[in-house]
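Participant: Take this structure, written in structure tokens, and hold onto it; I'll ask about it next.
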Amino acid sequence: MASRARVRAPELVGAGGWLNTGGKELKLADLRGKCVVLDFWTFCCVNCLHVLDELRELEEKHRDTVVIVGVHSPKFVHEADHRAVVDAVARYEVHHPVLDDPELATWKQYAVRAWPTLVVIDPEGYVVAQHAGEGHAHAIAKLVEELEAEHAAKGTLRRGDGPYVAPEPQAGDLRFPGKAVRLPDGHFLVADSGHHALVELAEDGETVVRRIGDGVRGLVDGAEPRFSEPQGLALVPAGLDLGYDVVVADTVNHALRGVRLADGTVTTLAGTGRQWWQGSPTSGAATDVDLSSPWDVAFFDGAVWIAMAGVHQLWSFDPTAGTVAVAAGTTNEGLVDGPAPEAWFAQPSGLAVSADGERLWVADSETSALRWVARGAHQVHTAVGTGLFDFGHRDGAAEQALFQHPLGVTVLPDGSVAVSDTYNHALRRYDPASGEVSTLATDLREPSGAVVVDGDIVVVESARHRLTRLRLPEEAVRVEAVAHRTRRAATEVAPGVLQLDVVFAAPTGQKLDERYGPSTRLLVSSTPPGLLASGAGADTALSRELVLADGVTEGVLHVSAMAASCDDDPSIEYPACHVHQQDWGVPVKVVPGGATRLPLVLAGME
């Protein structure tokens, strides 16, 4: 096995303490003899959720030699709330120890720059690899096998159970419900995400009428279906006979499903069950094209529009032709308006169509923004929100109002829009006529969607596992304005030239895949755009010279990198290929004597 740099792993420290350990505080010494994988994550980040799913197979296959430790490192203020972390660990079925690090102490010790980042520690306590972004599970699995062999031979591998202690299960009819729709008979259909099922509730919003799905995670059609963390729901418009009545965004299955209400039969409409990666088809027969974490769906402009949170885009599904295609967005994460093919989104998670059908409202969660798409021309606009790193709870004129990671939007009878302002635990209202934002209700717990019912609004309180009915008030509740920026410390850089290097080394046994052209891609932009005098744009090299503009003292560098690698063994007829990709938002502050080089690790050791 090739020699590696001997870097001792820093201790794991977090003010929030430990979860999934039975109350025990873990130290690295407790894990000596095990291969340790640190997963730096935050629960707002869909890429982090993808990595949780990628790691499940590794966790199961190497249960007696590998310990995965989640290090929860918050972006949003809400994510620094310990109770919210406890909920997220339960919501996403995290079956390994988690360190709650609200002050980013361990994040800083390991020099992490992006969510998600994986760090591998060998059985003797040394850091041997670091990977930013998704798509690294295969490389880590191979490294673990090498470490197992090496340390078994040395006598430094310790087999046996790890420190994970399962929490007590919580009973209830709903578990972290996502979104809901009202059925023609007055009942509610709820995406019961935590139970991997749909639940029909009576008009009271409490009494269970039936369940669709047996509660086991899976992708199974027919009369005994299975789902995996379903979220968005859309009723098929009256008069449109498709053979199903509801479209479901089956999020972790990366699929759309159709439900026939008469008997609960489920059909897969789009997706393959596999996650979409860069280079995969973006259009074609719906069940032949991969999707990526579809979070909500809505019938708009003759098609089913999909909030494709996993790739920061909107897609469309033609239910008659049975095809899918990209409708808006470039896969770059950010807030950019304009023609649909050029717009940028950041985890769009909620959709609602205006009463006249002219606008598709979008809850763009990672930019804490309310966006909309015009029918016909599909021009993208922003009503409220400024970018990836500004959020809070502030009412008033739209240009200065703030949300915090909203997940849902609902059109109200007067044409205004109710925003499920998830991380503010609030229901907010945007009035397009006045351009004003107000607060309708507070003290909700992670609202993720809402349904209007006879002058009331029924809110999905996801973290309270229930539907809550509220009277729509004539005037908004006034709350004290709060503004936030991300808690991450800015990187101090020197004026002038800044060398950007994305560090990537193909995993052991693989090589860069250049069969169809360059195997790497680098895209750079900034907020504000004037931060960069030169160096913005796309190219194939993973190193670039950036020139910082005179007079701009701070901002954010947005860096998106991708590299493709394949098995490097001529005896393999059909080598397996893997895409490694990551987006960074690096806050920078321009100061004399600052750094002249910015290294970002995509895979390897810095």
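The values are calculated or read from the model by the stated rules, or taken from the named source; none is laboratory data. Everything quoted here is computed from the prediction, not taken from an experiment. Note that each Cβ is placed from the backbone with ideal geometry, even for glycine, and that neighbours are counted across all protein chains shown.
Participant: Condition test on residue 363, is it crowded, with 20+ Cβ neighbours inside 10 Å and in contact with a Pro (Cβ under 7 Å, 6 or more places away or on another chain)?
Facilitator: Criteria met by residue 363.
Participant: Also: Grab the strands (runs of 3 or more DSSP E) fully contained in the range 384-432, keeping just those with 3 or more residues being more than 18 Å from the chain's Cα centre (by Cα) and crowded, with 22+ Cβ neighbours inside 10 Å.
Facilitator: 417-421, 426-431
Participant: Pull up the range 200-227, narrow it to residues that are among the β-branched types (Val, Ile, Thr) and closer than 22 Å to residue 273 by Cα, then point me to the one that is surrounded by the most Cβ atoms within 10 Å (Cβ to Cβ).
Facilitator: 212
Participant: Looking at (1) more than 26 Å from residue 454 (Cβ to Cβ); (2) in contact (Cβ under 8 Å) with a residue 40 or more places away in the chain; (3) not basic (Lys, Arg), which one does residue 212 not meet, given that it meets all the others?
Facilitator: Status for residue 212: all satisfied but (1).
Participant: Any idea which residue in the range 513-570 is nearest to the chain's Cα centre (by Cα), counting only those that are of a type in the set (Val, Ile, Thr) and farther than 21 Å from residue 343 by Cβ?
Facilitator: 520
Participant: Let me ask something else about it. Residues that are farther than 30 Å from residue 587 by Cα and either in contact (Cβ under 8 Å) with a residue 40 or more places away in the chain or within 31 Å of the chain's Cα centre (by Cα) (or both): does the range 125-134 have at least one?
Facilitator: Yes, the range 125-134 contains a residue that is farther than 30 Å from residue 587 by Cα and either in contact (Cβ under 8 Å) with a residue 40 or more places away in the chain or within 31 Å of the chain's Cα centre (by Cα) (or both).
Participant: Sticking with this structure for a sec: Just the residues that are within 24 Å of residue 362 (Cα to Cα) and of a type in the set (A, V, I, L, M), please, taken from the range 260-295.
Facilitator: Within the range 260-295, 269, 270, 286, 289, 291 qualify.
Participant: Residue 53 - would you say it is out of contact with any helix residue (DSSP H, G or I) (no Cβ under 6 Å at 6 or more places or on another chain) and among the acidic types (Asp, Glu)?
Facilitator: Yes; evaluated as a whole, the condition is true for this residue.
Participant: Pick from 260, 217: which is farther than 14 Å from residue 192 by Cβ, in contact with an Asp or Glu (Cβ under 9 Å, 6 or more places away or on another chain) and of a type in the set (Lys, Arg)?
Facilitator: 260
Participant: If I ask for residues that are on the phi < 0 side of the Ramachandran plot and at pLDDT below 95, which ones from the range 454-469 would you list?
Facilitator: If the condition is that a residue be on the phi < 0 side of the Ramachandran plot and at pLDDT below 95, then 456 is the only one that fits.
Participant: State yes or no: is residue 178 in contact (Cβ under 8 Å) with a residue 12 or more places away in the chain and under 30 Å from residue 265 (Cβ atoms)?
Facilitator: Yes; evaluated as a whole, the condition is true for this residue.
Participant: Okay, next question. I need a count of the residues in the range 481-505 that are at pLDDT 80 or above and in a loop (DSSP other than H, G, I, E, B).
Facilitator: Selection size over the range 481-505: 5.
Participant: Provide a single number: the residues in the range 147-180 that are buried (at least 17 other Cβ atoms within 10 Å of the Cβ) and not in a loop (DSSP other than H, G, I, E, B).
Facilitator: Count: 4.
Participant: Tally time: how many residues in the range 330-354 are in contact with a Pro (Cβ under 8 Å, 6 or more places away or on another chain) and closer than 25 Å to residue 410 by Cβ?
Facilitator: Number of matching residues: 2.
Participant: Go through the range 437-460 and count every residue that is in a strand (DSSP E or B) and free of Cβ contacts under 8 Å to residues at least 24 places away in the same chain.
Facilitator: Result for the range 437-460: 1.
Participant: Among the residues of the range 276-291, which ones are over 19 Å from residue 513 (Cβ atoms) and either in contact (Cβ under 8 Å) with a residue 60 or more places away in the chain or surrounded by fewer than 15 Cβ atoms within 10 Å (Cβ to Cβ) (or both)?
Facilitator: Hits for the range 276-291 are 283, 284, 285, 288.
Listed here are the residues, each with its yes/no results for (1) without any contact (Cβ under 8 Å) to a residue 12 or more places away in the chain; (2) assigned by TED's automatic domain parsing to the domain that holds residue 250; (3) within 18 Å of residue 448 (Cα to Cα); (4) touching a helix residue (DSSP H, G or I) at 6+ places or on another chain (Cβ under 8 Å).
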{"residue": "137", "(1), (2), (3), (4)": "no, no, no, yes"}
{"residue": "151", "(1), (2), (3), (4)": "no, no, no, no"}
{"residue": "156", "(1), (2), (3), (4)": "no, no, no, no"}
{"residue": "182", "(1), (2), (3), (4)": "no, yes, yes, no"}
{"residue": "191", "(1), (2), (3), (4)": "no, yes, yes, no"}
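Participant: Counting only residues that are assigned to a strand (DSSP E or B) and of a type outside the set (S, T, N, Q), how many does the range 335-363 have?
Facilitator: Of the residues in the range 335-363, 15 are assigned to a strand (DSSP E or B) and of a type outside the set (S, T, N, Q).
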